[in-house]
Structure formats: structure tokens, C-alpha cells
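A.B. asks: My structure is below; once you've seen it, I'll send some questions.
The values are calculated or read from the model by the stated rules, or taken from the named source; none is laboratory data. All figures in this text were calculated on a predicted structure; none of them were measured in a lab. Using ideal geometry, Cβ is built from the backbone for each residue, glycine included, and neighbour counts are taken over all protein chains shown.
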């Protein structure tokens, strides 16, 4: 069946993650997404190269289901193409700095002058306001400014997360906002601007930690992998690997204490509730570590699973791909791409709708793969397209 956003056209001027993944989520629900990039390819096309043409793993992931148009929008002819595109579009996605948006004619006022009910979805590092508004930044900016990096690692060595959770979180929120804007337009007939910001996403994800600081001034310091508001919450070495165990709440703690052979700990005031156990997490983690040392990873997970205690193996990337649960659930769609030695496992949007599920319909596009077709749809004949190519507009 057609996706719920079938008939919606999205112009994706985004770069890297926050913009393009937002557009990919809309495409998975049926929207037609046209990815517009530089004639030579945008920088994000080549991050973590895996293909013969230098195409990157990130690009393959977040540009599935899209068509590709190359364009120089800084020229008069290029800006005319942009205007023609906007007249046909419902949404423009552009995570670019405000001055760049204005120069390209992609600011909201310019877009609305061409298509009054257009929706502009944009994101920035810090938000369009405040003393940092003109600064630029990537995912790590949000990570370090949210308190998350300070609280990760050891007191003398903070660590950022290896995965760009701020970028992907911003994309998710922008897709949510875009869907809300489309619903509002259906009711009112009016478009609007949807804004996201990396810093806003990051402090949203760390909000509970910041609430605790604001309300009771906990002044927490990092404790490695050990949790601080419940225990045991930590990574533990087994005979042949590592696992995580997370015990939060009294029912789980009761089962864990009995499994450890420490039923008297249920009456110990040091461990009376989650926060008390977190405050005494060193003792609890030490007990759990002694137990794990006596078990293989498989045996430990079998026992913990039987007791309904949350635990899992720390997996290497290849182990993730081979994991039976990951395979059984079909989280990835294997897609060929010209020049790849083997198909790429592309993760579907991690939300499952029973009546209107999303779908990965086709691979990420080659550079400019659909330029001629898109221009023809806009009214350019073959001679005009050839002239645009000769002038290096497309």
C-alpha cells in the first residue's frame, strides 16, 4: 500500500545527519524526497567510505528512498530551478546556517513568497537566538554542552559517545515537528517553520540529570560505567567477555539480592531504595562482579534472564549483525549499491506501525542520478538541460 505521506514532496537540502535523516524518515512513510547536493557531491556523501566511488556508510543509511539532483543554487539559473522546485513542494528540509539559507533563497520568507503554504524544517547547532546563534557545530557540541560527556568516563577523562546521538535525536524531533506541521496545514491551509537545534536536543536528553542538579544541587561526578541512582547498574567482566546488568526498582532488587545469596541485604538500610543503592553502588557492583567472574557470558545471561533481571552482552559490531534477535526482528534491509563488495544492511526506522508501516523501497541514489528526470518534470526540455550542464549549473 502507499505510505501515509504519499503525495507529499520534500526537498532535502540537508547535510550530514540532522536534516537528511529527518527527510529519510518522511520518505519511509511514503513522501517523495529529492536530495539536492553539489555537482561534485556534498561532503556528507563521502563520510566513512565503503564503495568504489567513495560513497560513505552514513550516506547509504540516511539517503535511502531519495532521488538525487545536483545543482549550484548560488547562480541565477540555479535559483530559478530552486523556485520551480519549491512551487511543486510541500516541505523543504535544510539544516544550514541562517545566512546560507538567505543566500540560497531558502529562508522561510523567501520560500513562502514562492509557495505560501510551504513548510520549512531547519536545524542549527545552538538555535536561532541567544549569544551563540551564529556559531556552527556538529553532534559533539551538543554532547559536551549537555553534561553528558562530563558524566561519561572517569573524573580525569571524559568521553564523548562514539555514536552521534544528538544529531539523530535532532532529526527525530524535526521529523516529529514536520509531521505535526503537515497535520496543522491540513486543518488551516497554512505552512510554517519547524526548527530544531542540537543543543536543545542534547539538554532534553539530559534533562532529568539537570533537574536533579537544579533542585537539590547533587553535584555529581562521573563514575565510569557505574550508575548513580540505582544499583547494580554497571558493566561486568565474565569469564569470556562483558555484560551489562541494570537493576532498577525494588522488585528487581529483591530478585537480584536473592540470586546473589544476600537476602539480608534486603533489610540493610544502606540499600533501602534505588538512590541509597546508587550511593553505595561500589559495594553492590563489587558483589555482582564476583558473581560474574564465576560464570561465562552465556551462563550469566541465561541465569539473569531466567530471573527476569535486565542484562545483555557487550557486542562487537560484527556480533550485532550476527545476533539472532537482530536477525529475527529484521531490523536491517540489505540493499545493493553500485561498487559495494556486498549489500549494505540499512536500518529501518525503529518504529513499527500495524496498519501503515514504513518501507525502504530503494537504495540511496548515485550522485545526480535523477537530475535529468527531475528537471524534465519542472518543464526543462533536453536542450535546456544540456545547456544547464554546459554552464555547470547542474
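A.B. asks: If we scan region 226-235, do we find a residue that is touching a residue at least 60 places away in the same chain (Cβ under 8 Å) and either crowded, with 20+ Cβ neighbours inside 10 Å or not in a helix (DSSP H, G or I) (or both)?
C.D. replies: The answer is yes, given that some residue of region 226-235 is touching a residue at least 60 places away in the same chain (Cβ under 8 Å) and either crowded, with 20+ Cβ neighbours inside 10 Å or not in a helix (DSSP H, G or I) (or both).
A.B. asks: Being part of a helix (DSSP H, G or I) and in contact with a helix residue (DSSP H, G or I) (Cβ under 7 Å, 6 or more places away or on another chain) is the filter here; which residues of region 260-278 pass it?
C.D. replies: Listed by number, the residues that qualify are 263, 265, 266, 270, 271, 276, 277.
A.B. asks: Would a scan of region 197-213 turn up a residue that is free of Cβ contacts under 8 Å to residues at least 40 places away in the same chain and touching a strand residue (DSSP E or B) at 6+ places or on another chain (Cβ under 7 Å)?
C.D. replies: No - not one qualifying residue is present in region 197-213.
A.B. asks: Based on this model, can you work out whether residue 194 counts as outside any helix (DSSP H, G or I), in contact (Cβ under 8 Å) with a residue 24 or more places away in the chain, more than 14 Å from the chain's Cα centre (by Cα) and outside the structural domain of residue 61 (by TED's automatic domain parsing)?
C.D. replies: No.
A.B. asks: Further, regarding this structure: When you scan region 236-252, how many residues do you find that are touching a helix residue (DSSP H, G or I) at 6+ places or on another chain (Cβ under 7 Å) and surrounded by 14 or more Cβ atoms within 10 Å (Cβ to Cβ)?
C.D. replies: The qualifying residues number 7.
A.B. asks: What's the total number of residues in region 5-37 that are in contact with a helix residue (DSSP H, G or I) (Cβ under 9 Å, 6 or more places away or on another chain) and in a loop (DSSP other than H, G, I, E, B)? It would help to see each step written out before you state the result.
C.D. replies: As a first pass, look at region 5-37 and keep what is in contact with a helix residue (DSSP H, G or I) (Cβ under 9 Å, 6 or more places away or on another chain): 5, 8-26, 29, 31, 33-37.
If we keep only those that are in a loop (DSSP other than H, G, I, E, B) as well, we get 5, 8, 13-17, 29, 31.
Residues that pass the stated criteria total 9.
A.B. asks: Is region 115-135 home to any residue that is modelled with pLDDT of 95 or more, assigned by TED's automatic domain parsing to the domain that holds residue 90 and on the phi > 0 side of the Ramachandran plot?
C.D. replies: no
A.B. asks: Further, regarding this structure: Are there any pairs, at least 6 apart or on different chains, whose C-beta atoms fall under 8 Å, with the first in region 296-309 and on the phi > 0 side of the Ramachandran plot and the second surrounded by 14 or more Cβ atoms within 10 Å (Cβ to Cβ) and assigned to a helix (DSSP H, G or I), and if so, which?
C.D. replies: 308/252; 308/255
A.B. asks: Of the residues that make up region 262-272, is at least one surrounded by 17 or more Cβ atoms within 10 Å (Cβ to Cβ) and either farther than 30 Å from residue 81 by Cα or in contact (Cβ under 8 Å) with a residue 60 or more places away in the chain (or both)?
C.D. replies: yes
A.B. asks: Restricting the search to region 197-211, which residues are closer than 11 Å to residue 123 by Cα and either part of a helix (DSSP H, G or I) or not assigned by TED's automatic domain parsing to the domain that holds residue 20 (or both)?
C.D. replies: Within region 197-211, 198, 199, 200, 201 meet the criteria.
A.B. asks: Residues 220, 186, 135: which one is under 30 Å from residue 293 (Cα atoms) and either surrounded by fewer than 15 Cβ atoms within 10 Å (Cβ to Cβ) or touching a helix residue (DSSP H, G or I) at 6+ places or on another chain (Cβ under 9 Å) (or both)? Can you show your working first?
C.D. replies: On the way: 186 fails: under 30 Å from residue 293 (Cα atoms); 135 fails: under 30 Å from residue 293 (Cα atoms).
Within the list 220, 186, 135, the selection yields 220.
A.B. asks: Let me ask something additional. With respect to residue 392, is the statement that it is assigned to a loop (DSSP other than H, G, I, E, B), more than 23 Å from the chain's Cα centre (by Cα) and without any contact (Cβ under 8 Å) to a residue 40 or more places away in the chain true?
C.D. replies: no
A.B. asks: Tell me, please, whether a residue that is within 27 Å of residue 73 (Cβ to Cβ) and free of Cβ contacts under 8 Å to residues at least 60 places away in the same chain can be found in region 340-349.
C.D. replies: No - not one qualifying residue is present in region 340-349.
A.B. asks: If you don't mind, there's one more thing I want to ask. Can you go through 164, 155 and tell me which one is over 30 Å from residue 5 (Cα atoms) and touching a residue at least 60 places away in the same chain (Cβ under 8 Å)?
C.D. replies: Among 164, 155, only 155 is over 30 Å from residue 5 (Cα atoms) and touching a residue at least 60 places away in the same chain (Cβ under 8 Å).
A.B. asks: Something else about it: Among the residues of region 47-57, is any buried (at least 24 other Cβ atoms within 10 Å of the Cβ), under 18 Å from the mean Cα position of the chain (by Cα), farther than 15 Å from residue 393 by Cα and assigned by TED's automatic domain parsing to the domain that holds residue 110?
C.D. replies: no
A.B. asks: Can I ask one more? Criterion first (without any contact (Cβ under 8 Å) to a residue 12 or more places away in the chain, farther than 14 Å from residue 366 by Cα, surrounded by fewer than 16 Cβ atoms within 10 Å (Cβ to Cβ) and out of contact with any strand residue (DSSP E or B) (no Cβ under 6 Å at 6 or more places or on another chain)) does residue 98 satisfy it? Before you say what the answer is, go through the steps one by one.
C.D. replies: On the way: without any contact (Cβ under 8 Å) to a residue 12 or more places away in the chain: no; farther than 14 Å from residue 366 by Cα: yes; surrounded by fewer than 16 Cβ atoms within 10 Å (Cβ to Cβ): yes; out of contact with any strand residue (DSSP E or B) (no Cβ under 6 Å at 6 or more places or on another chain): yes.
Spelling it out, it is not the case that residue 98 is without any contact (Cβ under 8 Å) to a residue 12 or more places away in the chain, farther than 14 Å from residue 366 by Cα, surrounded by fewer than 16 Cβ atoms within 10 Å (Cβ to Cβ) and out of contact with any strand residue (DSSP E or B) (no Cβ under 6 Å at 6 or more places or on another chain).
A.B. asks: Which residue, of 171, 162, 184, is part of a loop (DSSP other than H, G, I, E, B) and either out of contact with any strand residue (DSSP E or B) (no Cβ under 6 Å at 6 or more places or on another chain) or not assigned by TED's automatic domain parsing to the domain that holds residue 30 (or both)? Walk me through it before giving the result.
C.D. replies: Values: 171 fails: part of a loop (DSSP other than H, G, I, E, B); 184 fails: part of a loop (DSSP other than H, G, I, E, B).
That would be 162, the only listed residue that is part of a loop (DSSP other than H, G, I, E, B) and either out of contact with any strand residue (DSSP E or B) (no Cβ under 6 Å at 6 or more places or on another chain) or not assigned by TED's automatic domain parsing to the domain that holds residue 30 (or both).
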